[in-house]
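*Asks:* Structure in structure tokens, see below.
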């Protein structure tokens, strides 16, 4: 079956779009060299995140965790039912378009600034 010029151009365009989305995805280590710890609430400031970017949370799994929460969970430092809890100490989480909220739900940790809110374009 022969592919017409228009079909070939559409295929090339689709491949370009897929490739450009992969090229633009970035990986960020939350908290920088210090990792996911207290007072990281301001870490996202000045950074520009996109849907598909990956956040890497490095921490001691015996001391902390990462919980993907909604706005209410972020504001109240509470874990809503059904929230995804990460415990590996080397979690890699892909950002969704829009607001993304993460907390540590160990007692007092979120209240001590171990939480981040990220808006991904």
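The values are calculated or read from the model by the stated rules, or taken from the named source; none is laboratory data. For clarity, every value in this text was computed on a predicted model and none was experimentally measured. Please note: Cβ atoms are built from the backbone with ideal geometry, for glycine as well, and neighbour counts cover all protein chains shown.
*Asks:* Quick one: in the range 81-97, which of the residues that are farther than 17 Å from residue 40 by Cβ and in contact with a strand residue (DSSP E or B) (Cβ under 6 Å, 6 or more places away or on another chain) is surrounded by the most Cβ atoms within 10 Å (Cβ to Cβ)?
*Replies:* This residue is 83.
*Asks:* Within the range 98-113, count every residue that is surrounded by 12 or more Cβ atoms within 10 Å (Cβ to Cβ) and either farther than 22 Å from residue 34 by Cβ or in contact with a strand residue (DSSP E or B) (Cβ under 7 Å, 6 or more places away or on another chain) (or both).
*Replies:* The number of residues fulfilling the criteria is 8.
*Asks:* Turning to a different aspect of this structure: I need the strands (runs of 3 or more DSSP E) fully contained in the range 54-121, keeping only those with at least 1 residues that are under 19 Å from residue 25 (Cα atoms) and at pLDDT 95 or above.
*Replies:* In the range 54-121, 54-58, 90-94, 98-103, 115-120 are the strands (runs of 3 or more DSSP E) which contain 1 or more residues that are under 19 Å from residue 25 (Cα atoms) and at pLDDT 95 or above.
*Asks:* Can you report the number of residues in the range 48-60 which are farther than 18 Å from residue 121 by Cα and surrounded by fewer than 13 Cβ atoms within 10 Å (Cβ to Cβ)?
*Replies:* Selection size over the range 48-60: 1.
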